[in-house]
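Shown next, in structure tokens, is the structure this report addresses.
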Amino acid sequence: MTAISKPAPMVEARPRESWSDTLRRSRSGLLFMAPAAILVLTFFFIPVIIITGLSATDMSSATGFQKWDWVGLENYQRMIGNPQAAYITWNTVKYVVLTLSLFNIGMALVVALLSTHIPRRAGFIFRALWLLPRITPSVVYIMMWKYVAADAPYGILNAQIFGPLGMETTNWIPAQPWVFVVLTNGFVGASFGMVIFTSAIESIPRDYMIAALVDGCSLWQRIRYVILPMIRWPLLFVTTYQTLSLLTSFESILLLTDGQFNTEVWSLWAYHRALNNYIGNFQWGFGAALATVLVLVGIVLAVIYMRYFQFDALVQEPKIEAL
Amino acid sequence: MEDTFGVGSRSRTFLPLTLLSLLTLPILVGYVWIVISTFSTRTYGLMPVDANGNFGGWTLSNWAFLWEDPIIWRLTANTLLLATGLTIGVVLVSSMAGYALSRINFPGRKSFLATTLILHAFPSVTLLIAIYFVLRWIGGIPVLGRGLPIIGGFGYNTLGGVILVSVALELPLGIWLMKGFFDQVSWDMERAALIDGCSRWRVWWQIVMPMIRPGVAALAIFSFISGWNAFLIPYTFMASQDQSTIAPYLRGLVGATVPINYSEVAAVGMFQLIPILIFFIFTQQYLLSIFGGGAKGGQ
């Protein structure tokens, strides 16, 4: 029996690697990844599970961490039945659509176009200035806006514009809260699109512009028929990306009005209910249900964003392994 | 001076220049106010006035908080600690991961890369409620939770916890940027070193990292600024404003129910703003590129 040994199978010249071999070969790779993997697991994946689970409980500071119950979809039913839900949804739509169209896209495009049609150095200075609100501490930035809008005789609007014109003076934030919600967010948000649009405009081949000029195009015609069609991909990208970030960002509204004067938006609602309110009853379960809705929207948009923005092209095999 | 499209005569650039200046004006007004205000008794709009409402009233008394209020120095130390911790954490963790993703084949590489890209777009603020529970759980671990010197630990209501959360939330951007920088490095030197028997760790630390110094600098600057500015995470996960960082403390001053003295509060704001402005003057180019680079996925 043993004399006639089986011929070595030709096909398995390279035997399938055992699990432990794979592990040994890729040990350093996995070790390099370990800190990032642990952090991503702890602060992204586990939280997504927690928040989904939490949304099916009635956990609040009244029940504490011991006496809570599973309540199934009750939080979601309460959410739909809540009289606040309708106007908060409307506020959220208003906030996202106005800020996105007027500033994150509109103003970004205007600044990018204007700053590429003046001497390079001046254009660079203006773009740097537009970056300033983004890197200013948000608390300081909102404080500036609060002073711009403050009561007479202090506020800049009242002292420099409305007072001298003899018009009505007031504290403009309670008077026109939405103007200031859009302005404060917009002046920060515009710089993202501005940077991307500028590099897109600058990478349009000069020949196209010169051809358009030779044909006698006006500035408007050049923008409409040459520049806009050539940057439609960055336009689409900024629109989707900024929709998502506006939908879930609430920091400056929190600082500006804290949701007063009818400016509560969905993400701030979740935050208030679960983590920060004056009544002191933290409804973790209900807040988690509100946040879960945003998480779902976030995942869907992020996946769409990944699919349509050529992910595979970015994932080449590492060259060094082909050694 | 050369115009981008070579179409710029003086008359043609006049209109865009004027328009752009008008649009940019609102940004400048706030900064002009904060500078004037910190050095005057009070201001009517942009005009500094004395107690009777006449022009003048220049003073340094708004800065008295620097020596009269010992809290500010503890807050400054905490803010510095947060910014430094965030910078070191983000640069180390994301350059390690970025290197592995760019250079080493290991099971799960592709899916981790996909995850990173999705997380890059994923709105992490929606997870704050759940992160509160994670931090409370970490807080229950002995020593690691709340028994460490200086940073207090990594649990809820500790500076270490705030740093840890901030590092984690910045990782998707950091990993993506670092991977991009590693991808651009030629791998000849690296291969030579590996053939000579150098370990992956030495290759990473002594050969490749020095080659992407501009990338490391860009990410470090970006992280430091976001750590120094951070409001929401310290505000949410540090229970007491007096123990946390400058931003939540300033928010307490601005949001106070009593009539606030804008000039005094502006001085605290200016105090937080100065390092950022200095940073800004020297590093605008880096920052402009990182905001473009952070979104490279779309190009």
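Computed from the coordinates by the stated procedures, all read-outs in this text should not be read as laboratory data. None of these values were measured; they are calculated from a predicted model. Ideal geometry is used to build each Cβ from the backbone, glycine not excepted, and the neighbour counts take in all protein chains shown.
With everything on Cα atoms, drop me the angle between helix B:109-121 and the longest principal axis of chain B, reported from 0 to 90° to the nearest 10.
With rounding to tens, the tilt is 10 degrees.
Please identify the helices of chain A, taking whole runs of DSSP H, that span at least 27 Å along their own axis as judged from the Cα atoms and have a mean Kyte-Doolittle score of -1.0 or higher.
Correct list, ordered by number: A:177-202, A:284-308.
If you place +1 on the Cβ of every Lys and Arg and -1 on the Cβ of every Asp and Glu, how big does the dipole about the Cα centre of region B:55-186 come out, in debye to the nearest 20?
500 debye
Placing unit charges on C-beta atoms (Lys and Arg positive, Asp and Glu negative, everything else neutral), compute the dipole magnitude of chain A about its Cα centre in debye, rounded to 20.
760 debye
What longest range of chain A stays clear of loop-exposed GluC sites (Glu not before Pro) (DSSP non-H/G/I/E/B, at most 15 other C-beta within 10 angstrom)?
That would be A:169-323.
Show me A:192-200, A:174-182, B:216-224, B:22-30 ranked by packing, highest mean number of other Cβ atoms within 10 Å first.
By packing density, highest mean first, the sequence is A:192-200, B:216-224, A:174-182, B:22-30.
Averaged over its residues, how many other protein chain Cβ atoms are within 10 Å of peptide A:146-158's Cβ atoms?
The mean count of partner-chain Cβ atoms within 10 Å per residue comes to 5.
Rounded, prolate or oblate for chain B? Axes are the square roots of the Cα gyration tensor eigenvalues, ordered a ≥ b ≥ c, and the cut-off for rounded is a/c under 1.5.
It is oblate, given that a/c is not under 1.5 and a/b is not larger than b/c.
Shape verdict for the protein assembly as shown, please, from the Cα gyration tensor: rounded (a/c under 1.5), prolate (a/b greater than b/c) or oblate.
oblate
Fewest Cβ neighbours within 10 Å first, please rank A:143, A:79, A:167 accordingly.
A:167, A:79, A:143
How large is the helix-only mean residue ellipticity at 222 nm for chain B, computed as the sum of -39500 (n - 2.57) over DSSP H runs with n ≥ 4, divided by its residue count, in deg cm²/dmol to the nearest 500?
-21000 deg cm²/dmol
Can you give the angle from 0 to 90° between the axis of helix B:10-38 and the longest principal axis of chain B, with both taken from C-alpha atoms, to the nearest 10?
70 degrees
Once you have a ≥ b ≥ c as the square roots of the Cα gyration tensor eigenvalues for chain A, tell me rounded if a/c is under 1.5, and otherwise prolate or oblate according to whether a/b is larger than b/c.
Because a/c hits 1.5 or more and a/b fails to exceed b/c, chain A counts as oblate.
Can you sort B:150, A:50 from fewest to most other Cβ atoms within 10 Å of each residue's own Cβ?
Ascending Cβ contact count within 10 Å gives the list B:150, A:50.
Which number gives the lysine pairs in the protein assembly as shown that have C-alpha atoms under 25 Å apart and are eight or more places apart or on different chains?
Count of close lysine pairs: 7.
Once the dipole of chain B is set up with Lys and Arg at +1 and Asp and Glu at -1 on Cβ about the Cα centre, which of B:159, B:132, B:254 lies farthest towards its positive end?
Checking the options against the dipole of chain B, the answer is B:132.
Fewest first, what order do A:51, A:204 take by the number of other Cβ atoms within 10 Å?
With the fewest neighbours first, A:51, A:204 line up as A:204, A:51.
If you count, for every residue in A:108-115, the Cβ atoms of partner chains within 10 Å of its Cβ, what is the mean?
Per residue, the average neighbour count from other chains is 3.
Would you calculate a helix-derived [θ] at 222 nm for chain A, using -39,500 (n - 2.57) for each DSSP H run of n ≥ 4 and dividing by the full residue count, to the nearest 500?
-18500 deg cm²/dmol
Residue by residue through A:262-272, how many Cβ atoms from other chains fall within 10 Å of the Cβ on average?
Averaged over the peptide's residues, the number is 1.
Would you work out the charge dipole size for region A:46-172 about its Cα centre, treating the Cβ of every Lys and Arg as +1 and the Cβ of every Asp and Glu as -1, and quote it to the nearest 20 debye?
Roughly 620 debye for region A:46-172.
Between region A:134-180 and region B:193-210, what is the separation of their alpha carbon centroids in Å?
Region A:134-180 and region B:193-210 have Cα centres spaced 57 Å from each other.
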